[in-house]
Structure formats: structure tokens, C-alpha cells
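Just so it is clear, none of the values below were taken in a lab; they were calculated from the coordinates. Just so you know, these numbers come straight off a predicted model, no measurement behind them. Reconstructed Cβ throughout: ideal geometry from the backbone, glycine too, with neighbour counts over all protein chains shown.
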Amino acid sequence: MIVLGMGGMVGHDPAAALVVDGRVVAAAEEERFLREKHAKGKQAERAAAFCLRFAGLKASDVQVVAIPFAPVSLMSPARWHYAVRHWYAPDRAFTALFNGNRRFRRNARQVFAALERMGIDRRRVRFVPVEHHLAHASSAYHVSGYADAAIMSVDGVGEYCTTWFGHGSGGEIACLKEFYAPDSLGGCYGAVTEYLGFEMLDGEFKVMGMAPYGDPDRADVSGLIEWSERGFRVNTRLVNCIGLRRYKRAAPVEAQGIGTYFSPKLVKLWGPPRVGDEIDHPYVHIAAAVQRQLEQILLALTRHYLGGHIARTRRLCYAGGVALNVKANQRLIQAFAPDCEVFVQPAASDAGTALGAATYAAHRLGDTIQPMTHAYLGPEYSAAEIEEALCKRGCRYERCASITDRASDLLAKGQVVAWCQGRMEWGPRALGNRSILGNPAVPGVADTINAQIKYRERWRPFCPSLLDSVAPEILQSSHPSPYMTFTFDVAPAWRTRIPEVVHEDGTARPQIVTAESNPRYHELLRKFEVKTGIGVLLNTSLNRRGEPMVCSPDDALNMFFGSDLRNLAIGDFLVVK
């Protein structure tokens, strides 16, 4: 069965994934091809075209198209919950009741139009709408390799559901409990993200990075959510509010009149919203408090609804935008350790629902889904294509007998290297194929990358890639971490050896690299270890602030010449300024 998943169906993060006879062949986010971060309001046409081209298929070969959005019955409690909770805004309440599937119909129309532009006749393919959180659940469970597991999905909102608990057994997924908008943990965290001066659906990880600099006891965020182990209720007088309740931005000029998802009442309670790039008071304490609140609520709900399933299966699969909160993920591991293993889909955001819709549809139609063994599912470029791009730019370059020898030499000397190799990563994390690399033992490397290359907030942490042979000692854990989806407490003896990848709270968000998952990157790490005694590299994504991760050789060269990068290792070629 040839199944094409088209994800990101609620206005951001469109992506495509191709599943052929149960095997995930290709997957990519549309933003990487458009060069427009999050590709808001777009369809995943270029990503889908890549997937088919990579698999050697034509548009006419597609048998099934799956999307992660489905109609919701009027009899569902979801629509009634939404209407009752938004009774203060009658237009929204009545729309939920009497035109509650308008977004599904709009999304379906847009997908059909995209398919037509791609040359896919929608009358000759099977169209499978999959509920949003079911797609998230499938994106984690069906590719995890686990036969039996607890499953959870937490994000801002899908059709109406925001938080989903269930379990999987023998390939079948069953729902145990759902919570509905406006009661959304992801939505609440996103609203605070806006208050703290960042963009919702983009800046949540910045709030997470800011949190260790604050003291959660110095900010009272208890008024945001009323909760117990059985459930939660968001205070829509403060956050997740709509209509007249929303705070109107006064600055910058281009944002005047645009409503946010927090209210003037919150501003009266906490003071003016944060602006600028510095971390200061009281905002760091608010970030710390809201991060702790999220962790506490997630753990309580998970224990209550999934504790028995976790104890029985010793497995937990997790997806949804909130699953990218790596600090909360660490708490999940700690709560259910040492027996439980947690698998987080590397593309846990809405982009990942393309994969989830495809795998769910493929499973329902009789295919056995094969586990994901790596996240290198995007485009790759041949030596001829790379050299052609270099020649077009008039670049002076060297074709190396061993690019890992040359790059490890530069890194051992404290230089920074842009590293563009093989297939592009699936998901938001650079995993050693579209990366900027540095020596984590050299003081100031992180500040240099921040100031001269990434142009981002100076207080944000960088992450380590570690050889699998040294990871247990450094991380004090044997838990798998191939996709940078968890943080771990770094062993005290290593914090001073690799200070550039240890965050303010003594943690790191690691990628553990094996020879099987990424042979060339593993070789680079091994050679760096021989030269320095450290099997760890600082690894951050190959992009500048506000841009998507690079995809093609042209993208890499644009990044290289548009920043203060000095070394670019692209395929077997080395370009030095």
C-alpha cells in the first residue's frame, strides 16, 4: 500500500510523509523547501513531491491520502464542552454547535486543491481523515517498535481535543481519556509564551530554556489552571481567551490591534508583557513557575490515567507539541524509572501528524508498520550536485579524502564547523546532518556561535551529540536518546569538561549517536574523541535565527556566506573562508 500523509492541517507546520508497504520511506516539513519558518497557511506540496521523487514514484502511484483532521459528531462531548466554556462569546459557542466541522471542510478543500496541483486525482485515491490526536498517537506508537505501550498526546488543540491518553496493543490504539478546548495545557503554556515576549507555536522552547534562570517560588501562576490528578480547567479570564477578553498588543507598530491569548487581567496581575531579548525579573520567575506547573500537571495526569498501563507494559509513547518540552520529558522518565522506556516522536509537533495519519491509515488498511530506526528521512544530495552548487558560486573548495579527518582537526583546534551531510533530519532537531558543530570543552564557543552565526538570544543553551560508548557515564542513565527529546542531569565530573553544552541547571539535551544510526557522524565523533579525549560535540541546527534548518547545498551556502561561519563541510567537500 502506498500511503501519502499530508500533515500540519491547522494552518502551520505543513509536512508530508510517505509510507510504502508499512515502511516509512520519506518525510519532510514544507518550511525547508519554501525557506519560510513554519510555512503558515501553506500546503505540503513540495514536501510531498520530494517524498514521491525519493521513492521513485509518480503521482498516479499514490493509493491513499491521509490527513490528521477529521469531522467531529454533534453528539460528541467535545463540541458541547467548547460551546459551554465559550458561552461568554456566543458567536464561537454557536459556531461550535452548528458549524463545528468548518475547519475540517476547509482543510479538506485545501488538500484536494493541493493534490490537483500535484497531479493526484482525488477521485482515484482513497481519502482517509484521521482525528488529530489519533494521528499524534500513531506517530509515536506505530513507529516505536513497541507491541504494547501506554500512549499520550498533548498539544494546543486539534479538532477540539487538547490532551489525549490511551494505549496500544497489537497495533490497535484505544482512547482512555480526552480533554477539550479551551482547557489546554499547550494552549496555556503558549499564552504565557506570548506574555513573555515570544511567538506562540515557536517560542515555547525559549520559555523552557529561560526557566532554569528563575525561581518558581517567586511567581504565583496558580490562577492559570485549576487541576487535580483527574483533570484540569484553564482560567479563560486570564489565558486561552478569545474575543473581547484578549489583550491587544500596543507594540510593535506592525502588531497593533492583534489580539493575544492572554487577557488584560493577566497584565494587571503580573505587570506589562516582556519585550526584548534579555532575561530579567520577574519574567524568569514566571517562566520557571509555569514550567514547574506544566510538569506537575502532566505527571499527575499520566500517573492517574496511564500508571497501570505503564506498570504493565513498561513503555510510554508520546507526541504532540508539548512532547517537545524536554524538561517535562525528563520528569516522566524519572517518575517511571528505572523500568519504563519512553519514546517521543522526533517530529512531535503538528508536522509529525503527517506521519501519524499515514501510519494509522496504512495500519487500518492491513499493513504492518515497521519501526523508525532513525530520523534521516529528508532529501540528500550527490557529490555531483554539491560540486555543481559550489562551482556556480565560484567557491574555492577542497575535495577531501576523509572529511571526518579534516573536520575533527578543525574542531579539536576550537574552530566551528558547519556540517551538511546525507539526508536531512525529520523534526526540529539537528541530528548531525544539518548541524553547526563546536568543541564543547573550549570556553566561549557557545557565545561565539550565538553572537556571530545563530544571531539568537545569548542565554539559550546548546546541546551535545555523544558517542554511545560515553553517554551512560556522562548522562548517568542508560535510557535511549537518539533524537534530543529529553534532558538528563550531567554527571558532576563532566560539567566542567564540557561546559558549553551544560545548561544553567546542570542538564543537557543530548543526541546519542551510534554507528548504525549515523555512520559518518559517529566516525567524526570517534576521531574527535581520539584527538581530544572527549566523545562529545556541541551540536546546533544549521540555520540563522528566524529561518528553517537548511535543506539543499544552496541553502547551506546561503547560510555560510550570510554569517560569520568559517568552515563548511558539505559532503566530501570543505569550504574555508
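Could you work out the relative contact order of the range 1-46? I mean the mean sequence separation of Cα pairs under 8 Å and 6+ apart, divided by the number of residues, in percent. Let's see the in-between values first.
Working: 89 pairs, mean separation 16.5, N = 46.
In percent, rounded to a whole number, it is 36.
The distance between label points at Trp87 and Arg249 comes to 3.4 nm (points 7 Å beyond Cα on the Cα→Cβ vector). Note on Asp409 and Asp202: their simple-model spin labels are 4.1 nm apart, each label 7 Å out from Cα toward Cβ. P(r) tail for the range 1-150: Cα pairs beyond 20 Å make up 54% of the total. Once you divide the Cα radius of gyration of the chain by 2.2 N^0.38 Å, the number left is 0.94.
Both the radius of gyration and Dmax for the range 144-344 are 17.4, 55 Å, in that order, over alpha-carbon atoms.
What share of Cα pairs, in percent, lie more than 23 angstrom apart in the range 383-576? Everything past 23 Å amounts to 37 percent.
What are the trypsin sites (Lys or Arg not before Pro) within the range 372-403 that DSSP puts in a loop, where the Cβ has at most 12 other Cβ atoms within 10 Å? Kindly include the intermediate steps, with their values, before the conclusion.
Values: sites: Lys392, Arg393, Arg396, Arg399; in loops: Arg393, Arg396.
Passing both the DSSP loop test and the Cβ count: Arg396.
If you place +1 on the Cβ of every Lys and Arg and -1 on the Cβ of every Asp and Glu, how big does the dipole about the Cα centre of the chain come out, in debye to the nearest 20? Its charge dipole is roughly 1260 debye.
Suppose every K and R has +1 on its Cβ and every D and E has -1 on its Cβ; what is the size of the dipole of the range 144-344 about the Cα centre, in Debye to the nearest 20? Write out the running numbers ahead of the final one.
On the way: 20 positive and 22 negative charges, 106 e Å.
It comes to approximately 520 debye.
Centre-to-centre separation between the Cα atoms of the range 313-379 and those of the range 454-506: 21 Å. Normalising by residue count, the range 312-428 has a Cα convex hull of 205 Å³ per residue.
Legend: calculated FRET efficiency, Arg124 to Asp447, from the Cβ-Cβ distance at R0 = 45 Å, rounded to 0.05, equals 0.20. The GluC sites (Glu not before Pro) of the range 460-535 meeting both criteria, a DSSP state outside H, G, I, E and B (loop) and at most 11 other C-beta atoms within 10 angstrom of the site's C-beta, are Glu516.
Normalised by the number of residues in the chain, the average gap of Cα pairs under 8 Å and 6 or more apart makes the relative contact order 16 percent. Structure shown: which of Lys177/Lys248; Lys37/Lys177; Lys206/Lys248; Lys42/Lys454; Lys177/Lys327 lie over 31 Å apart, alpha-carbon to alpha-carbon? From the list (Lys177/Lys248; Lys37/Lys177; Lys206/Lys248; Lys42/Lys454; Lys177/Lys327), the Cα-Cα distance tops 31 Å for Lys177/Lys248; Lys37/Lys177.
In deg cm²/dmol, rounded to 500, what helix-only [θ] at 222 nm does the chain give when every DSSP H run of at least 4 residues adds -39500 (n - 2.57) and the total is split over its residues? Can you show the working numbers first?
On the way: 19 runs with 196 residues, N = 577.
Value at 222 nm, helices only: -10000 deg cm²/dmol.
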